1. Identify, by number, the condition in (1) at pLDDT 95 or above; (2) not in a loop (DSSP other than H, G, I, E, B) that Gly192 doesn't meet.
2. Limited to segment 1-13, what total is found for residues that are of a type outside the set (Lys, Arg) and either touching a strand residue (DSSP E or B) at 6+ places or on another chain (Cβ under 7 Å) or part of a helix (DSSP H, G or I) (or both)?
3. Could you check, for segment 135-148, whether at least one of its residues is among the aromatic types (Phe, Trp, Tyr) and at pLDDT 95 or above?
4. Does any residue of segment 135-154 turn out to be more than 28 Å from Thr55 (Cα to Cα), within 18 Å of the chain's Cα centre (by Cα) and charged (D, E, K, R)?
5. In segment 12-50, what residues are within 16 Å of the chain's Cα centre (by Cα) and among the charged types (D, E, K, R)?
6. State yes or no: is Gly125 touching a strand residue (DSSP E or B) at 6+ places or on another chain (Cβ under 6 Å), outside any helix (DSSP H, G or I) and surrounded by fewer than 17 Cβ atoms within 10 Å (Cβ to Cβ)?
7. Restricting to segment 57-78, what's the tally of residues that are under 20 Å from the mean Cα position of the chain (by Cα) and farther than 19 Å from Ile117 by Cβ?
8. Pairs needed: first member in segment 135-149, without any contact (Cβ under 8 Å) to a residue 40 or more places away in the chain and outside any helix (DSSP H, G or I); second member anywhere, surrounded by fewer than 19 Cβ atoms within 10 Å (Cβ to Cβ) and not basic (Lys, Arg); C-beta distance under 9 Å; at least 6 residues apart or different chains.
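The values are calculated or read from the model by the stated rules, or taken from the named source; none is laboratory data. From a predicted model like this one, the values you see are computed outputs, not experimental measurements. Cβ atoms come from the backbone with ideal geometry, glycine included; neighbour counts cover every protein chain shown.
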Amino acid sequence: MRELKLSEVLRYMGQHGDDPQITQTAQRAIDTLNRIMVPRSCRICLPVETLDFLTGKDIRRHLHGCTEVYILCATLGAAVDREIRRVERRSMLDALALDAAAGEGIEAVCDEAEDQIRAAEAARGRYVTGRFSPGYGDLPLTIQPQVLALCDAARKIGLSVTENNILTPRKSVTAFLGVSDTPAEGRKKGCGTCTLAKTCEFRKKGTTCGA
């Protein structure tokens, strides 16, 4: 897994690195996360026509031209959730920093898995889209139980879902990546195509999520 970026943790916190105290707090959070997290991921590749629960125009657009789909599940482990709750009782700033570090951490886990998928498919002369997760656009969170079941995520990486379709451990991600024989466009990056642009907290603070 790549090294966690201090600049990204500060961005998740809505900071720009101009406050030495906050920067030190963010670095401590990274150090804590590196000590306690247990990053794990699993994935499965299936024919796109078998995933009939992928409803909605956004995911269809994302997977246009794809013949196969990777389902990716990733988590940082339960210890991270427990530590965030513990730190909240002592310092909300420290808890915010640890939560931000965990956000960067789970992205790093997903980035590593995506790099592995891309390398494997490139060897086959195939192309891969970016990641698209339940809850983005019109793809509902209600599909999470099916996603985890297909990956056998509970057994493989200890990832489950609540009756309200919330992943547990909380610092976890599920995502879809399409595979095609021609260069895959998938979802374009940037605020201009994001369905959350009008309500985005990052944009309110003058920054972006980086997607």
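1. Checking Gly192 against (1) at pLDDT 95 or above; (2) not in a loop (DSSP other than H, G, I, E, B), the one that fails is (1).
2. Looking only at segment 1-13, we keep the residues that are of a type outside the set (Lys, Arg), and these are 1, 3-4, 6-10, 12-13.
Okay, now just the ones that are also either touching a strand residue (DSSP E or B) at 6+ places or on another chain (Cβ under 7 Å) or part of a helix (DSSP H, G or I) (or both), so 6-10, 12.
Total satisfying the criteria: 6.
3. no
4. Step one: of segment 135-154, the residues more than 28 Å from Thr55 (Cα to Cα) are none.
No: zero hits.
5. As a first pass, look at segment 12-50 and keep what is within 16 Å of the chain's Cα centre (by Cα): 12, 37-43.
Matches in segment 12-50: Arg40, Arg43.
6. In short, no.
7. Adding up the residues that qualify gives 6.
8. These pairs meet every condition: Gly135/Leu141; Gly135/Asn165.
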